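Take a look at the structure below.
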Amino acid sequence: MRPNESWFENGVSPFCLEIQVEHYTQFKDKTAYFYKAKNKSFKKMLPSPQDFSKALFIVDIGQNDVAAVLRKSSFVLQRAALPNIASQFTAQVQNLYQRGARTFWIHNTGPIGCLPVASVKVQDPVPGYLDEHGCVQNQNEIAIEFNRLLKNEIVELRLKLSEARIIHVDMYRAKHELITNAKNQGFEDPFKICCGHHGIGYDVWCGNKANLNGSEVFAGSCANPSKVISWDGVHYSEAANRWIANHIINGSFSDPPIPISRACHKA
């Protein structure tokens, strides 16, 4: 959401939401320009200028911002940083609306405390640090608070943007349901990392090599990725994403409960 870090510092994408909206604006403007050109080949490759207002704008962003907040020293400071993130989100949705977007499919953030890279660093946790599922409780509380603020922002957006249709998708609930019912859904240990080695004092990210205890270790893929929820400790596996997608597209995790196939239809 925010340009607070760069790829070169820690692998976080420098393309914040504001820049992504600007890229969209440039693409929309160039599409209109080329559509008016005499070269008809452009019309075959690009959408028409009228298509943009009919499109579904899916917005899924914020986990990196929440992760950055969690690096702050105290729970109070962490919570204090969240309203600014939510308001920046709102500003960019309004920018998209001003540029012709009308239908939005907005995801909240997932249970960041359930990411394996968070729990794998925990050794002899004090009572209450982990919840009954093994997730880092205070991290999930921050995610829940961000989602509460985001939901309030969406309510305000619906009042301000009279022509907009905004569908709020509860990704937190969908992902939490998968993680806490992993075995019933055909997956293994929900905290198993398919690609990478992580522990107290070390991280070997997917595709990298490192020397651990005198031996070279290569972080390659596990034998059966289709049975694992977490790909690299942070990102979900293809199989997990497929499960999540299949459970959100029907609208059962959405407010209002509209399936994605009907999202662009006017009520």
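How many residues does the range 217-233 contain that are more than 11 Å from Ile193 (Cα to Cα) and in contact with a strand residue (DSSP E or B) (Cβ under 8 Å, 6 or more places away or on another chain)? Count: 2.
Conditions (1) surrounded by 19 or more Cβ atoms within 10 Å (Cβ to Cβ); (2) outside any helix (DSSP H, G or I); (3) at pLDDT below 90, marked per residue:
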position: Val66; (1), (2), (3): yes, no, yes
position: Ser73; (1), (2), (3): no, yes, yes
position: Leu77; (1), (2), (3): no, no, yes
position: Pro83; (1), (2), (3): no, no, no
position: Asn95; (1), (2), (3): no, no, no
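Each row is one residue, and each column tells you yes or no for (1) modelled with pLDDT under 95; (2) of a type in the set (Ser, Thr, Tyr).
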{"residue": "Asn108", "(1), (2)": "no, no"}
{"residue": "Val117", "(1), (2)": "yes, no"}
{"residue": "Pro127", "(1), (2)": "yes, no"}
{"residue": "Arg148", "(1), (2)": "no, no"}
{"residue": "Glu156", "(1), (2)": "no, no"}
{"residue": "Tyr172", "(1), (2)": "no, yes"}
{"residue": "Thr180", "(1), (2)": "no, yes"}
{"residue": "Cys194", "(1), (2)": "no, no"}
{"residue": "Ile200", "(1), (2)": "yes, no"}
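In the set (1) in contact with a Phe, Trp or Tyr (Cβ under 8 Å, 6 or more places away or on another chain); (2) over 30 Å from Gln88 (Cβ atoms); (3) crowded, with 18+ Cβ neighbours inside 10 Å; (4) not acidic (Asp, Glu), Ala240 fails one condition alone, (2).
Of the residues making up the range 175-216, those that are of a type in the set (Lys, Arg) and exposed (fewer than 15 other Cβ atoms within 10 Å of the Cβ) are Lys183, Lys209. Of the residues making up the range 180-202, those that are in contact (Cβ under 8 Å) with a residue 24 or more places away in the chain and either assigned to a strand (DSSP E or B) or among the aromatic types (Phe, Trp, Tyr) (or both) are Phe187, Phe191, Ile193, Gly196, His198, Gly199. Checking each residue in the range 248-261 for being surrounded by fewer than 17 Cβ atoms within 10 Å (Cβ to Cβ) and of a type outside the set (A, V, I, L, M) picks out Asn250, Ser252, Asp255, Pro256, Pro257, Pro259, Ser261.
Annotation: of all residues in the range 98-121 being closer than 26 Å to Asn250 by Cβ and surrounded by fewer than 21 Cβ atoms within 10 Å (Cβ to Cβ), the one that is farthest from the chain's Cα centre (by Cα) is Arg102. Provide a single number: the residues in the range 206-228 that are within 22 Å of Ala240 (Cα to Cα) and free of Cβ contacts under 8 Å to residues at least 40 places away in the same chain. Residues that pass the stated criteria total 10.
Kindly indicate the residue of the range 97-116 that is in a helix (DSSP H, G or I) and touching a strand residue (DSSP E or B) at 6+ places or on another chain (Cβ under 6 Å) and also nearest to Lys175 (Cα to Cα) among those meeting that condition.
Among those residues, the one meeting the criterion is Gly113.
Of the residues making up the range 149-179, those that are closer than 23 Å to Asn250 by Cα, under 19 Å from the mean Cα position of the chain (by Cα) and in a helix (DSSP H, G or I) number 12.
The values are calculated or read from the model by the stated rules, or taken from the named source; none is laboratory data. None of these values were measured; they are calculated from a predicted model. Because the Cβ atoms are built from the backbone with ideal geometry, glycine has one as well, and the counts that use them run over all protein chains shown.
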